[in-house]
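Worksheet: one structure, shown below.
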Protein chains: 2
Amino acid sequence: MTQDAYREMWETLNLDLAAHDGLLAVLGKFYGDIYMSQQGRLKGMEYLDFVLSEVHGLRIKELMDAKAQGRKIVGTFCVFVPEELTLAVDAVQVGLCAGADAGREAAETLVPRNTCALIKSFIGFKLARLCPYTESCDLIVGETTCDGKKKAYEAFAAHAPLYVMEVPQTKSDAARVLWKAEILRYMARLEDLTGTKITAEKLAEAIKTVNARRRALQRLNRLRAAVPAPISGRDVLLINQVSFYDDPARFTASINTLCDQLEERIKAEEGVAPADAPRLMLSGCPMAVPNWKLPYIIESSGAVIVGEESCIGTRNTRDLVDESAQTLDEMLDALVDRYLRIDCACFTPNQERLDNIETMARDLKADGVIQYALMFCQPYAHEAIKVEKRLGAADIPSMALETDYSMEDVEQLKTRVEAFLETLK
Amino acid sequence: MTQDAYREMWETLNLDLAAHDGLLAVLGKFYGDIYMSQQGRLKGMEYLDFVLSEVHGLRIKELMDAKAQGRKIVGTFCVFVPEELTLAVDAVQVGLCAGADAGREAAETLVPRNTCALIKSFIGFKLARLCPYTESCDLIVGETTCDGKKKAYEAFAAHAPLYVMEVPQTKSDAARVLWKAEILRYMARLEDLTGTKITAEKLAEAIKTVNARRRALQRLNRLRAAVPAPISGRDVLLINQVSFYDDPARFTASINTLCDQLEERIKAEEGVAPADAPRLMLSGCPMAVPNWKLPYIIESSGAVIVGEESCIGTRNTRDLVDESAQTLDEMLDALVDRYLRIDCACFTPNQERLDNIETMARDLKADGVIQYALMFCQPYAHEAIKVEKRLGAADIPSMALETDYSMEDVEQLKTRVEAFLETLK
């Protein structure tokens with residue numbers, strides 16, 4: 001498609017075209033600096049480069065085509081929204097823009113200034129009319145995973161077709177009953193939206209599709225245990241980010257092809273960094289496109305990132321839905337159980353996360369862990385204290401950083417990362 | 001009892017005696033400045049002055065005596081913990097210290113610095129061994145009403161006999177099922193703690209006791225609609241604070257006596273402030289003893305506070321438990337329903353609160369509303385934006401303030417309050 005055709009599409013979506021041009025220019029420059037400057041990238045990353053270059057173009061065109069065929073678009077901000085149900089009504093699920101500083105002043109009329117950058121961003125993108133995903137949505141599904149989002153959705157609801165799922169705060173039997181009721185309510189809402197009834201056959205297929213994507217990403221993550229590290233953390237973060245936007249089947253095939261190449265590279269004992277480069281794991285808040293600031297700082301300081309313990313990372317891919325269920329109700333129970341295994345900081349207690357972080361750091365042979373929190377994210381800030389203690393007891397060095405989407409603290413973060421890397425020598 | 005006997009009691013409770021002496025001295029001075037300096041106080045306030053003067057003395061002695069008789073002490077930080085159940089097992093329920101800056105540095109090793117003052121305070125009081133209530137407790141009951149408390153309790157649990165209730169985040173049918181399960185689980189926990197089985201008879205009596213206290217406080221609040229205002233906001237805040245500590249029946253009788261005196265005063269058209277003094281309502285976060293900073297600033301600026309829309313205020317007293325229930329299960333359902341009517345900012349949506357604030361401001365003939373939020377309290381900071389819009393639409397002036405427990409911002413708050421009062425003229 002031509003740029004003119006894209007502009008027409010964006011105009012139809014009521015984007016602020018001039019501001020959107022500016023955003024794409026910054027994104028392109030940023031991507032060039034952070035991604036295209038890398039040496040020794042795998043051939044398979046060309047697919048990701050292409051997808052990202054067309055993130056507001058071809059992928060939006062696909063959504064528009066889907067809509068023209070009568071399919072619905074469902075937008076989300078959280079790994080608790082079960083994509084299996086969305087796919088089972090033949091709708092498309094996409095993550096929405098939340099990773100860049102956009103429309104902040106307008107957002108601060110709806111939410112307090114002391115709100116995390118991710119929340120301000122999704123509201124800002126909407127108010128500034130800069131996200132073609134948000135504008136394409138027939139339904140946007142929020143959840144009650146933190147005070148910030150829970151209350152922000154109330155304000156957001158005046159501006160978007162919002163639906164909120166109540167995620168429980170414990171994993172008790174009673175909490176599971178609530179969560180199952182919420183899964184059923186969401187299913188009914190999707191059936192109502194699309195006029196499509198969810199059958200066992202459709203749901204089984206959707207479960208297989210999403211599990212296949214998770215398996216491909218699990219495979220990718222396992223391969224990163226190799227020394228030297230065969231792929232950069234930046235590239236894997238991008239892959240995780242794209243997993244929220246791209247067509248699931250196409251994406252899964254591309255990642256499996258990439259993994260084949262990774263296996264070749266590992267066999268040849270080749271890497272993207274020297275074998276003795278410090279191996280770091282990231283842990284904490286999600287990094288939405290184009291929030292690549294910290295990974296870039298880390299990897300341009302000579303370290304390599306070998307894991308992302310994050311919603312845009314292993315929290316979204318670690319657990320599969322049990323595929324042995326036969327009836328629709330059994331499948332729904334399998335969904336309920338799978339999503340309740342998520343080790344989100346919204347749960348109390350959340351001991352599993354500590355266990356998972358330590359296991360992951362060991363499996364990936366991480367020399368240290370950088371805990372990343374968005375400023376004003378209370379759940380992850382609280383858990384950072386516990387994670388630090390746990391890693392300390394396991395003799396795994398760690399450091400906790402708080403930041404937002406501004407570039408003002410880049411030098412400060414760089415200094416802290418370099419000081420941390422010094423301690424690992 | 002003598003001071004020596006008290007010291008012995010505090011020592012038994014393992015308080016840090018020297019630091020506790022310091023705390024009591026500051027509290028006494030603060031109380032003298034803020035409370036005893038008032039003109040024209042009602043005779044009935046002597047009871048409150050006495051209770052407050054003995055807050056770490058006689059009342060703690062009573063708790064010790066209750067314990068000696070085999071009764072259990074249950075501590076809480078939240079109006080969601082159903083005192084009816086606690087009383088039905090013949091236990092004593094008390095609010096715990098959370099209103100002063102104590103043990104902050106120690107608290108900041110367990111929770112992030114960007115945590116609200118109330119949370120840091122209850123942790124600090126425990127770590128610094130300064131709260132005889134906390135030290136008396138056989139059980140401390142937390143709840144999941146905000147991210148800050150939910151996650152702080154995880155750290156607090158290593159230091160206290162903690163039990164956490166899951167409060168749902170919506171008022172859906174499924175959320176009500178969860179809440180009922182939590183009420184039943186708490187009931188079983190209390191029965192286990194005390195060895196006392198809750199019967200319909202005991203619960204009916206407890207419901208009457210707590211309702212009677214609510215009715216007395218409702219009566220008090222209604223009388224404040226009189227012009228001139230017959231009682232200061234400081235005094236009513238104190239009354240609300242003491243309602244969490246004192247013996248319920250004795251407290252209720254004292255408040256009803258005070259209300260008799262208030263009625264006399266109103267008949268005589270007497271007040272604590274001139275009839276044309278600006279009448280303000282406070283709205284937002286709770287003010288625990290001895291957090292009297294903002295009310296003192298407001299009332300020493302010439303205004304009078306006529307209502308507290310707060311957990312330590314009308315949020316705790318507005319709704320009664322239906323007394324028509326006959327069976328134990330009906331009574332439990334009545335409890336479930338009453339507590340789910342609370343208009344806490346933890347719920348989404350929480351439209352009732354906006355309605356209640358506007359109604360309350362009109363009923364009390366408030367000239368304006370001051371929204372009070374503790375710094376880093378996200379739920380009330382989010383709602384403050386909505387409350388401001390709602391009051392604006394109703395032509396009721398309002399101002400939002402954020403503060404903590406330090407005295408550093410007193411002058412700044414005073415300036416803002418005075419500027420707000422100017423706009424009301």
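The values are calculated or read from the model by the stated rules, or taken from the named source; none is laboratory data. None of the values given here were measured: they were computed from a predicted structure. Here the Cβ is made from the backbone with ideal geometry for all residues, glycine too, and neighbour counts use every protein chain on show. Calculation scope for accessible area: heavy atoms of the full protein, side chains included, ligands and nucleic acids excluded. Shrake-Rupley method; radii C 1.70, N 1.55, O 1.52, S 1.80 Å.
Would you rank B:LYS61, B:LYS389, B:LYS126, B:LYS150 by solvent-accessible area, highest first, keeping every protein chain in place and using a 1.4 Å probe? Intermediate values should be presented prior to the final figure.
Working: B:LYS61 60, B:LYS389 120, B:LYS126 35, B:LYS150 5 Å².
Sorted descending by solvent-accessible area, the residues read B:LYS389, B:LYS61, B:LYS126, B:LYS150.
Over segment A:64-211, what is the mean sequence separation of C-alpha contacts under 8 Å (at least six apart), divided by residue count, expressed as relative contact order in percent?
Working: 219 pairs, mean separation 39.6, N = 148.
Relative contact order, segment A:64-211: 27 percent.
How far is B:LYS425 from the same spot in each other copy, in nm, shortest first, if each label point sits 7 Å from Cα toward Cβ?
6.7
Checking the table A:LYS43/A:LYS126; A:LYS126/A:LYS208; A:LYS29/A:LYS120 against a 30 Å threshold on Cα-Cα, which pairs fail? Display every interim value, and only then the final one.
Working: A:LYS43/A:LYS126 35 Å; A:LYS126/A:LYS208 33 Å; A:LYS29/A:LYS120 23 Å.
Correct reply: A:LYS43/A:LYS126; A:LYS126/A:LYS208.
Name the residue farthest towards the positive end of the dipole of segment A:57-164 from the options A:ALA102, A:PRO82, A:PHE122, assuming +1 on Cβ of Lys and Arg, -1 on Cβ of Asp and Glu, about the Cα centre.
Final value for the positive-end residue is A:ALA102.
Once the piece of chain linking B:LYS414 and B:LYS61 is laid out straight, how much longer is it, given 0.36 nm per residue of separation minus the C-alpha distance between them?
On the way: separation 353, 0.36 × 353 = 127.08 nm, distance 3.86 nm.
Length difference between fully extended and current span is 123.2 nm.
Rounded to the nearest 0.05, what FRET efficiency do A:ALA19 and B:ASP138 have when you use their Cβ-Cβ distance and R0 = 41 Å?
Values: r = 60 Å, r/R0 = 1.47.
Using R0 = 41 Å, I get an efficiency of 0.10.
Mind listing which trypsin sites (Lys or Arg not before Pro) in segment B:247-351 are in a DSSP loop and have 16 or fewer other Cβ atoms within 10 Å?
Numbers: sites: B:ARG250, B:ARG265, B:LYS267, B:ARG279, B:LYS293, B:ARG315, B:ARG318, B:ARG338, B:ARG341; in loops: B:ARG318, B:ARG341.
For trypsin sites (Lys or Arg not before Pro) across segment B:247-351 that sit outside H, G, I, E and B with at most 16 neighbouring Cβ atoms in 10 Å, the list reads B:ARG341.
Largest first and in whole Å, what are the equivalent-ellipsoid semi-axes of the protein assembly as shown based on the Cα gyration tensor, each being the root of 5 times an eigenvalue? Working shown, then result.
Numbers: eigenvalues 523, 166, 149 Å².
Largest first, the protein assembly as shown gives 51, 29, 27 Å.
Explain nothing, just the number: relative contact order of chain B, from Cα pairs under 8 Å at least 6 residues apart, as a whole percent.
Relative contact order here is 17 percent.
How many Cβ atoms of partner chains, on average, are near each residue of A:112-119 if near means within 10 Å of its Cβ? Please list the in-between numbers first.
Numbers: counts 11, 1, 7, 3, 1, 0, 0, 2.
Mean partner-chain Cβ count within 10 Å for A:112-119: 3.
Determine the distance separating the Cα centre of segment A:306-371 from the Cα centre of segment B:133-206; give it in Å without decimals.
Cα centroid to Cα centroid, the span is 28 Å.
Cross-link candidates for B:LYS171: which lysines have Cα within less than 21 Å, leaving aside residues fewer than 8 places away along the same chain?
A:LYS149, A:LYS150, A:LYS151, A:LYS171, A:LYS180, B:LYS149, B:LYS150, B:LYS180, B:LYS386
How many partner chain Cβ atoms sit within 10 Å of a residue's Cβ in peptide B:375-383, on average, as a whole number? Working shown, then result.
Working: counts 1, 3, 3, 15, 4, 3, 8, 12, 3.
Taking all residues of B:375-383 together, the mean is 6.
Report the label-to-label distance for A:ALA249 and B:GLU330 in nanometres (one decimal), using points 7 Å from each Cα along the Cα→Cβ vector.
A separation of 6.0 nm, rounded to one decimal place.
Run the quick spin-label model on A:ARG215 and A:THR359: label points 7 Å from Cα toward the beta carbon, then report their separation in nm to one decimal.
Calculated label separation equals 2.0 nm.
Hey, got the average number of other protein chain Cβ atoms within 10 angstrom for residues in B:299-305? Provide the component values of the computation, followed by the final result.
On the way: counts 0, 0, 0, 0, 0, 0, 0.
Average per residue, whole number: 0.
Calculated FRET efficiency, A:LEU184 and A:GLU11, Cβ-Cβ r, R0 30 Å, to nearest 0.05?
Numbers: r = 39 Å, r/R0 = 1.31.
With a Förster radius of 30 Å, E is 0.15.
Quick one: with label points 7 Å out along Cα→Cβ, list the inter-copy distances for B:ASN14 in nm, shortest first?
Result for B:ASN14, in nm, nearest copy first: 6.2.
Using the Kyte-Doolittle scale, which helices in chain B average at least -1.0 and also have C-alpha atoms spread 27 Å or more along the helix axis, with helices defined as whole DSSP H runs? Intermediate results must be reported in sequence, preceding the final value.
Values: long enough: B:173-194 (32 Å, -0.06); B:200-223 (34 Å, -0.65); B:248-267 (28 Å, -0.44).
Passing helices, by number: B:173-194, B:200-223, B:248-267.
So the label point sits 7 Å from Cα along the Cα-to-Cβ vector; using that for B:ASP322, what distances do you get to the other copies, in nanometres, sorted shortest first?
Listed shortest first, these distances are 3.9 nm.
Report in % the part of the accessible area of chain A that belongs to carbon and sulfur, leaving out ligands and nucleic acids; probe 1.4 Å. Don't skip to the end; give the middle numbers.
Details: 8320 of 15740 Å².
Summing carbon and sulfur atoms, their accessible area is 53 percent of the total for chain A.
With the contact rule set at Cα under 8 Å and sequence spacing of 6 or more, what percent relative contact order holds for segment B:170-258?
On the way: 22 pairs, mean separation 26.1, N = 89.
Relative contact order comes out at 29 percent.
Would you work out if chain B is rounded, prolate or oblate? Take a ≥ b ≥ c from the square roots of the eigenvalues of the alpha-carbon gyration tensor; rounded if a/c is under 1.5, else prolate when a/b is larger than b/c, oblate otherwise.
Values: a/c = 1.34, a/b = 1.21, b/c = 1.11.
Because its axes are fairly even, with a/c under 1.5, chain B counts as rounded.
If each DSSP helix of 4+ residues adds -39,500 (n - 2.57) and the sum is divided by the residues in chain B, what number results at 222 nm, nearest 500 deg cm²/dmol? Working shown, then result.
Values: 18 runs with 221 residues, N = 425.
So the helix-based figure for chain B works out to -16000 deg cm²/dmol.
Answer rounded, prolate or oblate for segment A:75-200, using the Cα gyration tensor with square roots of eigenvalues a ≥ b ≥ c: rounded when a/c is under 1.5, else prolate when a/b is larger than b/c, else oblate.
Numbers: a/c = 2.52, a/b = 1.42, b/c = 1.78.
Oblate shape, in that a/c is at least 1.5 and b/c is the bigger or equal ratio.
Measuring from centroid to centroid over Cα atoms, what is the spacing of segment B:226-283 and segment B:1-56 in Å?
21 Å
Sticking with the crude label model, points 7 Å out along Cα→Cβ, report the distance from A:LYS197 to B:GLU54 in nm, one decimal please.
Inter-label distance under the simple model: 7.2 nm.
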